[in-house]
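Only one structure is covered here, and it is reproduced in the block below.
Every read-out reported here was derived from the displayed coordinates using simple, explicitly stated rules and does not represent laboratory data. Owing to the predicted nature of the structure, the values given are computational and were not obtained by experimental measurement. Here the Cβ is made from the backbone with ideal geometry for all residues, glycine too, and neighbour counts use every protein chain on show.
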There are 2 protein chains.
Amino acid sequence: MKMSNLYAPTLKEDPAEAELASHRLMLRAGMIRKQAAGLYSYLPLAWRSLRKIEDIVRDEMDAAGGQELLMPIMVDAQVWRESGRYNVYGPELMRISDRHEREFVLGPTHEETVTDLIKNELKSYKQLPVNLYQIQDKFRDEMRPRFGLMRGREFIMKDGYSFNATQESLQETYDDMKQAYANICERCGLKALPVVADSGQIGGDTSVEFMALADAGEAALVYCDACGYAADDEAASTQVAVTEGPGDGTLQKVHTPGLTTIKEVAEFFEFPENGTRKALALIDVEGNPVVAIVPGDHELNDCKAEHLFGEGFHLMTDEELEQYGLCKGFIGPVNLPEGIRLVCDVTLRDSKQWACGANEVDYHFTGACPGRDFEPDAWEDLITVVAGDPCPHCGAPLAGARGIEVSQVFQLGPKYSEAMGATFADENGEEKPFLMGCYGVGVSRTLAASVEQHHDENGIIWPVSIAPYEVSIMPLDPTIPECAEVCDRLTAELCEAGIEVIVDDRDIRPGVKFADNDLMGFPYQIVLGKRGLKNGTVELKDRATGEREDVAIDEVASKVADLVISQRR
Amino acid sequence: MKMSNLYAPTLKEDPAEAELASHRLMLRAGMIRKQAAGLYSYLPLAWRSLRKIEDIVRDEMDAAGGQELLMPIMVDAQVWRESGRYNVYGPELMRISDRHEREFVLGPTHEETVTDLIKNELKSYKQLPVNLYQIQDKFRDEMRPRFGLMRGREFIMKDGYSFNATQESLQETYDDMKQAYANICERCGLKALPVVADSGQIGGDTSVEFMALADAGEAALVYCDACGYAADDEAASTQVAVTEGPGDGTLQKVHTPGLTTIKEVAEFFEFPENGTRKALALIDVEGNPVVAIVPGDHELNDCKAEHLFGEGFHLMTDEELEQYGLCKGFIGPVNLPEGIRLVCDVTLRDSKQWACGANEVDYHFTGACPGRDFEPDAWEDLITVVAGDPCPHCGAPLAGARGIEVSQVFQLGPKYSEAMGATFADENGEEKPFLMGCYGVGVSRTLAASVEQHHDENGIIWPVSIAPYEVSIMPLDPTIPECAEVCDRLTAELCEAGIEVIVDDRDIRPGVKFADNDLMGFPYQIVLGKRGLKNGTVELKDRATGEREDVAIDEVASKVADLVISQRR
């Protein structure tokens, strides 16, 4: 390919709307263009990289027993009604009517379509498991589309679905998919962690997200270097930890006038915040009052609270606090008014000496002991885990990071098959709903995540496996016959070796060439300069390390080919 | 691939809804399934074939200087307003609003999007030509979606667009595309003709459709075996032909009581129908009366008439005939009442002796001569050409056929660039609108057209180049160790040779295996039977010819590999 022919309009200035490196650099490198909010065109360079990611995904899916197909983007609303999602999915679901006023959705995900597809065609346990996938444009009408390809309204996804006869078989497929997903990240050059995830709107029991580590990531996560545990902050748990408060083992009421925050109370007792207890008064989704107690140095986790108290629970208003006889800033587990459910964080179970509100204005207790001074109605996992908390598996301190969710595997179980009446005959001839798994890879998001992980101040640094071209050749003065001749020869040699080459044949200043090639991030760059050519050498630059060396013209093609091929995955 | 794992639910019976062979056979072979009217899922076998077609298209596009990209499916309605198509496209255009009530369309074609994309980025004639394409799901809300993949509401299309500085350059790109399109048909195994086409809603001047010849085709076309001319019946023309009527060179009024049809008149004069003249009285779109005269054995062509008389012209009602003084059944060019425009078909220009209505009840003229007895206001191309008419280029008789439009190339000129203000600076620094071409391939329709051309009563007969698998191996009794062993060995040998193999390892009766493999249409089938194995042979079947031969086990893999590789394109 000649760069004079390539459609890749570069920008000299950083576009104002781009906050993230991936967004900014792909716009500047002429790889993407916005058509409307959250809707991007992938120009030739980006499209080449995306196709490589797709091929890696295909390769791993096929190796793991997946079969590729393609379902329609337009999905009859009827099947979304059957599954029950049509009315609960909310405004992110794009809805459309045809000329006969029949309702459709633009599939954000295809559980319903695929279940409807195999229903009455897969009939016996003997045909199972079946694992089907597609790579397709997906639609979600985000409230605030942003960050370029990171959060678009139309994006490329690989979505796969398995149909299994038994939980054991589902677990096997799920584990295979998890391994395939780890391979995909690795082959795309992404440093990613498989983290325990909340399963969100899709539903089901068990799920892992692959998080590409990046400061710009929207998700907060914790991980354990010792044992490999990782979880996003919506789902992470920690160990039971004994975090005692001040005191001598007896319950003492202490006058703490005006001290309503954890910080003030901890300072008053000259004790770390984790010895205090934070109390949150809330109304669950059925309208019942609850007091939740967490360690003073942790926060109540919204996602966990939603699971326990229902989507739509809320913190009590001042009026509600008064109605239930609770004193703002001094709520605690001891002497709680009648009729209020007491739920304590499970990490506190072994702790016998709590500093907590006394349910009396301007008073706290120290030495409050569960089982003796109060009796929780339940011990539950309530808190948002933070860096430094002990790993739930091995106890080593967890590290914190930010990540970009690039893929996710779920065990759905019979959620969709039951709702849609999709069954098979088991070994005893009994009709049973399929156990399903679903498996998604954000293909266009993987591209953006890769740029987040691989760039510097000059531009993108593509991993060889997903680079739009593996090598660029820059003849600095193509009008000199010798320069053009060497350029043609190296191009031919590299193409012969199966290397993807782009030649920057544009008649522009060398500085602009260097800048554009760095911006576009080709992994290896061969510079043909006048002085080198006289000595029979060219300059070879490694984009990732920035290292340059002079290499004999006769040797450079085979040297570069070896380097490239060793890094293909 | 093992067929026991393949997701391809076959049907024993012909599905009632399928009229066309391609629809019926792809349903029966478990290749496609309907999700809703005009919306199909492509199951793994069909998807493999489609990907091969896509790759052939890519290969030809890239070789012709095309660059692949991907634009969003959702297109901001604003750009369709700019081009003027938003309001004229009609109900086939699928419209959707987002959560902020902003209007979008699901692109049926992307002239607006691509023009908007390059606008202000392509700036100089030096950057031209640029030729961009994508392969994408397209949407058209057909009134009556039918015939399976042939006329769907969501379908796969390759759409490409060129931006050129001069008409000469546009013509060059257009010619290259035309050649690439011929190559695509040929490589996909399609017998197709490039026919002169009407440019329809897309607009523009010059266009050719590639028609795959098939009895089931929706389009009627004519072609010339002598010189290669071909055209669809909306656009075909013919030569000026001297088709004289009866008579001695003088104008004679003849009493023809009650003879109002061409057939009756021709019989009365004992003369062929082409010697008579058919008159059609109509009102053009501006409300003016017109009489159109065509040879008695031809029809007025609706499409040509629309171009001449405006979309919405109509044949006169009895009341209108009376109002303008015309006698139904006896209308002709001589003595036409004042104020009626007379337009005659151009093929009649050299004919001096017409048999035609006399504009008087129960009378015809013979020997009517243009220039002497009447003066047409215009000679125009009015008729629908039929088989047997002389070729407009060489005069040889045209043949008739039916075809499936699989692809089309257009010269759009400045239609979109002018409307949308997309300009470049020419050599003199003057701003000019781009000259554009657009080039479409119906990818999913090509698949269906291929089945229409390649099938028999037993099923599909895939050309090797787009077969889902090139070879199937049928071990008739996989439980016999020797059979399984030979099967594994042949599979390994063929895979080693790069051949795509599917093994029908299902534990079913041989007859069902034979039937399914023929239905699915794998080009070469290797049957491992008990008797042959004893003699060291297997049976090799050529699906296209039906020929079978016994081949030594040691030789069959290399023989089949040679056959397959020679037929890849």
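Kirkwood analysis of region B:234-369, using all unique Cα-Cα pairs, places the hydrodynamic radius at 15.1 Å.
Label-point spacing at A:ASP302 relative to the other copies reads 5.9 nm, in ascending order, each point sitting 7 Å out from Cα along Cα→Cβ. Principal semi-axes of the equivalent ellipsoid, √(5λ) from the alpha carbon gyration tensor of region A:350-507, are 60, 33, 13 Å from largest down. Neighbouring Cβ atoms from other chains, within 10 Å of the Cβ of residues in B:63-70, number 5 on average. Any chance you could tell me what percent of the C-alpha pair distances in region A:54-185 go past 19 Å? Tail fraction, whole percent: 58. Answer rounded, prolate or oblate for region B:33-79, using the Cα gyration tensor with square roots of eigenvalues a ≥ b ≥ c: rounded when a/c is under 1.5, else prolate when a/b is larger than b/c, else oblate. Oblate is the answer for region B:33-79, as a/c is 1.5 or above yet b/c matches or exceeds a/b.
Using a 7 Å offset from Cα along the direction of the beta-carbon, what are the separations from B:GLU549 to the same position in each other copy, nm, ascending? Spelled out, the distances from B:GLU549's label point are 5.7 nm. For the pair B:ILE565 and B:GLU186, what calculated FRET efficiency results from E = 1/(1 + (r/R0)^6), where r is the Cβ-Cβ distance and R0 = 22 Å, to the nearest 0.05? So the FRET efficiency works out to roughly 0.80.
Diffusion coefficient of the protein assembly as shown by Stokes-Einstein, Kirkwood radius over Cα pairs, 20 °C, 1.002 mPa s: 61 µm²/s. The distance linking region A:528-569 with region A:392-418 is 43 Å (Cα centroid to Cα centroid, whole angstrom).
Per residue, the protein assembly as shown reaches -8000 deg cm²/dmol at 222 nm when only DSSP H runs of four or more residues are counted, each adding -39500 (n - 2.57). Closest approach of a chain A Cβ to the axis relating A and B (residue, whole Å): A:ILE96, 2. With both residues required to sit in chain A, DSSP beta bridges show an antiparallel share near 80%. Compared with the dominant Cα axis of chain A, that is its longest principal axis, helix A:553-567 is turned about 30°.
Within chain A, the cysteines lacking any other cysteine Cβ closer than 4.7 Å to their own Cβ are A:CYS185, A:CYS188, A:CYS303, A:CYS327, A:CYS344, A:CYS356, A:CYS369, A:CYS438, A:CYS483, A:CYS487, A:CYS495. Remark: relative contact order (chain B) = 17 percent; criterion is Cα-Cα distance under 8 angstrom and separation of 6 or more residues. Taken over region A:122-229, the convex hull of the Cα atoms encloses 150 Å³ per residue. Remark: for residue pairs A:LYS138/B:LYS123; A:LYS559/B:LYS2; A:LYS541/B:LYS158; A:LYS119/A:LYS178; A:LYS123/B:LYS534, the C-alpha separation exceeds 30 Å in A:LYS138/B:LYS123; A:LYS559/B:LYS2; A:LYS541/B:LYS158; A:LYS123/B:LYS534.
Fully extending the segment from B:GLU496 to B:THR250 would add 80.2 nm, taking 0.36 nm per residue of separation and subtracting the current Cα-Cα distance.
Taken along its three principal axes, the alpha carbon spread of region B:267-346 comes to 40, 27, 19 Å, from the longest extent down to the shortest. Secondary structure note: in region A:469-567, about 55% of the DSSP beta bridges are antiparallel. Axis angle, to the nearest 10 degrees, between helix B:510-520 and the longest C-alpha principal axis of chain B: 40 degrees. Taking only alpha carbon atoms, chain B gives an Rg to Rh ratio of 1.07, where Rh is the Kirkwood radius. Each of B:TYR161, B:TYR469 was scored by other Cβ atoms within 10 Å of its Cβ. Arranged with the fewest first, they read B:TYR469, B:TYR161. Across identical copies of the chain, B:ARG569 has label-point separations of 4.0 nm, listed in ascending order, with the point defined 7 angstrom from Cα along Cα→Cβ. Shown for B:LYS328, B:LYS52: other C-beta atoms within 10 Å of each C-beta, ranked fewest to most, produce the order B:LYS328, B:LYS52. Of A:SER83, B:SER22, the sequence from fewest to most neighbouring Cβ atoms within 10 angstrom is A:SER83, B:SER22. For region A:340-451, the share of DSSP beta bridges that are antiparallel, to the nearest 5, is 75%. For region A:469-567, the calculated P(r) over all alpha carbon pairs, in 5 Å bins from 0 to the bin holding the longest distance, is 3, 14, 28, 28, 20, 7, 1 percent. The simple Förster model, with R0 at 41 Å and r as the Cβ-Cβ distance, assigns A:GLU299 and B:GLU101 a FRET efficiency of 0.65. Output the 0 to 90 degree angle, nearest 10, between the alpha-carbon long axis of helix A:481-496 and the longest principal axis computed from the alpha carbons of chain A. Roughly 60 degrees, rounded to the nearest 10.
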